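Chemist: This is the structure I want to talk about, given as structure tokens.
Each value in this text was obtained by applying a stated rule to the coordinates, not by laboratory testing. Here the structure is a predicted model, which is why all the values come from computation and not from measurement. Positions of Cβ are generated from backbone atoms using ideal geometry, with glycine treated the same way; all protein chains shown enter the neighbour counts.
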Amino acid sequence: MAYLNALPLPQVLDTTEVFDQIAQGLETNGYIVLPVALPANLTDALYLHMKSLEDEKFKRAGIGRDNQHHVNDFVRTDEICWLTGEHSSAKAYLDWMENLRLGLNRRLFLGLFDYECHFAHYTTGAFYKKHLDAFKGNTNRVVTTVFYLNPNWMVEDGGELVMYSEVDEPIERVLPHYGKLVVFLSDRFPHEVLPAGRDRYSVAGWFRVNNSIGFTVDPPR
Ligand code: OGA
Ligand code: MN
């Protein structure tokens, strides 16, 4: 599957080193962008699985929780499909994230409790307006991951993830390149997805804490 990329991805990545990098990025900057993080065979298998999913498996993403959950064309227009681990590639991705969860807990004592993630499909022109994945003191979401599955993505294709600082200044524009992984603290960085010029795929996920003292608990989906 080397044709998916201009640069071949290494097959073997030392997870200890990758987890060290992620932990260090979170500790010093609150976020990190890794051009390559997961093994190429896992990335390729996940990509092929996602492409094989029928369109009907993707549902319009909503905003808000529980009975406040609703589709809002002004905020976001992507379509999502939650990973359950039924397919071997989804299972391998969830296993990798489980190891990252343990690795982050060991390094940063974050007490991360579980992980959930979904494929997201942004059709041409789709977007996700500036938002936070978590609100201080009112969430279980602690660390966000976004993993991109777009072979040969060009600058002209747009669809950048734009991250903002706590004082709302743009700090990072991330093109959704194949195999790139972004990890950030969920309550610190407002971010948005700019409209893309072609189909754009990502896997968005969240490590959560079991915050039973909060009255609002994020539903599992
Ligand atoms: C999200 C999100 C970013 C992306 O799903 O909450 O911000 O680049 N996704 O897909
Ligand atoms: Mn988000």
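Chemist: Need one number: nm distance between label points at HIS70 and ASN29, each 7 Å from Cα along Cα→Cβ, rounded to one decimal.
Modeler: 3.8 nm
Chemist: Counting other Cβ atoms within 10 Å, which GluC sites (Glu not before Pro) in region 155-204 have at most 15 and lie in a DSSP loop? The partial results should precede the final answer.
Modeler: On the way: sites: GLU156, GLU160, GLU166, GLU172, GLU192; in loops: GLU160, GLU166.
For GluC sites (Glu not before Pro) across region 155-204 that sit outside H, G, I, E and B with at most 15 neighbouring Cβ atoms in 10 Å, the list reads GLU166.
Chemist: Below 13 angstrom from the Cβ of TYR93, what's the summed charge of the other residues (Lys, Arg +1; Asp, Glu -1)? Walk me through the numbers on the way to the answer.
Modeler: On the way: positive: LYS91, ARG101; negative: ASP44, GLU86, ASP95, GLU98, GLU116.
Cβ neighbours under 13 Å give a net charge of -3.
Chemist: Also: Cα to Cα, under 13 Å, and not fewer than 8 places away if on the same chain: which aspartates and glutamates meet these conditions relative to LYS180?
Modeler: Within the straight-line cut-off, LYS180 pairs with ASP44, GLU160.
Chemist: DSSP loop chymotrypsin sites (Phe, Trp or Tyr not before Pro) in region 82-163 with at most 11 other Cβ atoms within 10 Å of their Cβ, which ones?
Modeler: Passing both the DSSP loop test and the Cβ count: PHE109, PHE135.
Chemist: Further, regarding this structure: What does the net charge come to around ASP20 if you take all other residues with beta carbon closer than 13 Å to its beta carbon, with K and R at +1 and D and E at -1? Working shown, then result.
Modeler: Values: positive: ARG106, ARG107; negative: ASP14, GLU17, GLU27.
Result for the neighbourhood of ASP20: -1.
Chemist: Still on this structure, please answer the following. With a cap of 16 neighbouring Cβ atoms within 10 Å, and only residues DSSP puts in a loop, list the trypsin sites (Lys or Arg not before Pro) found in region 77-169.
Modeler: Numbers: sites: LYS91, ARG101, ARG106, ARG107, LYS129, LYS130, LYS136, ARG141; in loops: LYS136.
Qualifying residues, ordered by number: LYS136.
Chemist: To continue, here is another question. Is region 148-188 best put as rounded, prolate or oblate by its Cα gyration tensor, with a ≥ b ≥ c the root eigenvalues, rounded for a/c under 1.5, and otherwise prolate when a/b is larger than b/c, oblate when not?
Modeler: Working: a/c = 4.19, a/b = 1.73, b/c = 2.42.
Since a/c reaches 1.5 but b/c is at least a/b, the shape of region 148-188 is classed as oblate.
Chemist: Could you please tell me the mean projected area of the C-alpha convex hull for the chain, averaged over all directions and given in square nanometres to one decimal?
Modeler: Details: hull surface 48.0 nm².
That works out to 12.0 nm², a quarter of the Cα hull's surface.
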